[in-house]
Each structure stands twice: as C-alpha cells, then as structure tokens.
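A.B. asks: Handing you this structure, nothing more for now.
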C-alpha cells in the first residue's frame, strides 16, 4: 500500500485509484499534449498557446489540496508543471522550479509594464542561475518536454545542457541557432513548430538524427534548401513565403507520399500546381490550400476527407441569383469547387480560416454587405458535409453560442 492510505473513502477505493482520479482531474489535455496534432488535428492550433485551461486546472488543484493532508501531499508533486521564465525574473517563481516543469516558456519581464520593470529588474541578472542536484555525481535529468519561445526570449544558454533537454520533444518558435545547439546535443524532437531560417546554412546545419523523429513540422522558409531526411514526418505546415511552387513540388515528390495532413499558406503568384496535389500526396487526409491556388477536386478514391481554405471573397457584380435561397448576395465566398464536386470526392468537412461573424458580414464591406455562406452551409449539410470556421466550430454551434450569449446579456 502506498503512503497515501488516509485518502477520503479509502475503505471504498484504494489510494492508487484516488491518485488516478486526481491526476485526471488536473490534467490539461491540449496544453500538455506532446503532439496534439495526432489527437486533435488542426483544431488545436488556437488552443496550444492558450494558458486558460492550465490556470483553471491550477485553481482546481489548489482547491483539492485543501481537502485533506494526503491529497495535499500527492498534488504538491504537480507544482510548477508550467513555468514562464518572466515569473522567475520577477521573483514570483523560484528558479528551482525549472527542473520539474513539464512545459517552459522562455520570455522575459521586459514585456511587463514599465512600473513592474522598475520595481523588479533594477540591477537584476536576467539569466536564470541554478545548481543542479546530482545522483552519484550525475546531474539530475529535467522533466522538460515542451519548450516555447516568446517573441522576445531571454538568453537560452542556460538550457543547453544534456540533462536539461534530454526529454525535450516539442519545440515551439525556437530560433535556428537554438535548434542547431539541440542538434549538437543529439536531442531528437517529435514536434518542431515554426522552423525559421535565421542561421548560417539554415536547416542544413541540423543533423539527420535531429530530423529523423520529427512527426509534426511547421516550416516558414525563404530558402530553396528543404530537409528531405524526414522519415517520421506525417503532419506538415508550410508558409510558402518566397519559395517557388516548382521547388515545393520537387520537395513533395520526395516526402509527399508519407504525409497525412498538409497545410499550405501564403499568397501565390502562380495559380496552380504543375502536378496534382492528390498525386503528390496520395495518403493525405486533411489539406489546406494556399490563397489563390486553383486545384482540381480530389478523385473519389483519394483518402482526403477535410479541406481548409483561406477565405476568397468575390463581389457579386454580376448580380447572380443564389440557387439555394433565390436571393442576390452582395459577396460570394468560395469553397474551391462546387459542393456537389466536393461531395462526389468524399469530402466530409470544409473549413474556413475566418470566424463565422466575419464570414457572414465581411469586414471589408463597410456597407454591411452579407455573404452567401449560410446558403453554402445549408447546401453542404444536405450533401452530408460539415462546414467549420477558423476555430473549428460548426455554424450550428456558433448560433447556439450567440443565443446563449444574448440570454446571459
């Protein structure tokens, strides 16, 4: 029997079960998920940086700690699961919390208000200093799994010790220089989000070992060099920037067959790919096309079931009558092909990169113009296709949320 034998109702449930229940109660699925793409697909993108659910979990944890001494002793183990280095600089969190943190955000207190800066940072050394505990002379391995960089991170040299990054798997918005250092330390991440080229030789400086286990990759490159040794890659997000479409096709000819999800952003001068995306990515199930890129509907035998679109508005100068409602919409929202063609291709979900409020009344239409998006939703639903917005909320859920908001108001 564990040391936690005085859990409430211990005569009914063993202490081990109470521990499992408490762990589940304070778990934050997306924020601490090492690779939420595999579980939540692209729905997690707006949530993976949101701390809202984490702090709600912390409030619940502190409430549960007050129930009894046993619960307090058990839940105290989960102190500082997430640490922002700005809080260490301000003296709100001890530097000794870093080794036990599951997720760390590298930021500094210069992003705080000027008053707090004057009170807290005058003469303060902004680099976290610590002495690692050791076992038999070997430094203790940190618990760090997820590392996030702010736009103005402090010095990151203190992290570049083998025992501190040994468990690191998910890296968000790290500069290339830091990734190169991790590569030299033989770290093998599974998620690299925002792969920016700001280092001499760019991504070619990264070892094949570093790249070999990456499952999810977000690329934002202006270079013609692209990594090809990515055997584990399944989820790819790419901002084309100045990369030519021809170079993209060459790259997809090498890695496209293994992709399950491919999200492509950026405005394109070229209107279409020289080769079909469905041929280049024959296993792809979810695809986001860049703005302005014309693509043929997927063949029926292709496994793709979800398409996401940058919103493309067309002013209805021709005064086309909507076949769904018989009215003339001021603005037409495109979904690439027709709803019938998407249905024939086996598409089950269409998603826009805008919220419903913007889709219904586009922000550029100062005259209060309305779009045809509601009619598109009706038509899609009739064909068994669900339409989602940028937050992956259905139109029906959006309407329910608006009604509930009005009632509360």
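A.B. asks: Which order do 176, 296 fall in if you start with the one that has the fewest other Cβ atoms within 10 Å?
C.D. replies: On the way: 176 19, 296 14.
By the 10 Å Cβ count, ascending, the order reads 296, 176.
A.B. asks: So, R0 is 51 Å and r is the distance between the beta-carbons of residue 155 and residue 320; what FRET efficiency does that work out to, to 0.05? If you can, show how the numbers build up before the last one.
C.D. replies: Working: r = 59 Å, r/R0 = 1.15.
Once the sixth-power term is evaluated, E becomes 0.30.
A.B. asks: Turning to a different aspect of this structure: Quick one: which of 208-215, 51-58 comes out on top by average Cβ neighbours within 10 Å, and what's the full order, highest first?
C.D. replies: With the highest mean Cβ count within 10 Å placed first, the list reads 208-215, 51-58.
A.B. asks: Please report the relative contact order for segment 302-409, taking Cα pairs under 8 Å with a sequence separation of at least 6, and give it as a percent rounded to a whole number.
C.D. replies: Values: 149 pairs, mean separation 29.6, N = 108.
With pairs under 8 Å counted, the relative contact order is 27 percent.
A.B. asks: What ranking of 329, 305, 398 emerges when the number of other C-beta atoms within 10 Å of each C-beta is taken as an exposure proxy, fewest first?
C.D. replies: 305, 398, 329
A.B. asks: Test of understanding: ordering 34, 323 by Cβ neighbours within 10 Å, fewest first, what list do you get?
C.D. replies: So the ranking, lowest neighbour count to highest, is 323, 34.
A.B. asks: Another question, then. Could you give the nm distance between label points at residue 166 and residue 186, where each point is 7 Å from its Cα heading toward the beta carbon?
C.D. replies: Here the answer is 1.2 nm between the modelled labels.
Each value in this text was obtained by applying a stated rule to the coordinates, not by laboratory testing. Predicted model, so just to flag it, every value in this text is computed and none were measured. Glycine also receives a Cβ, built like all others from the backbone with ideal geometry; neighbour counts cover every protein chain displayed.
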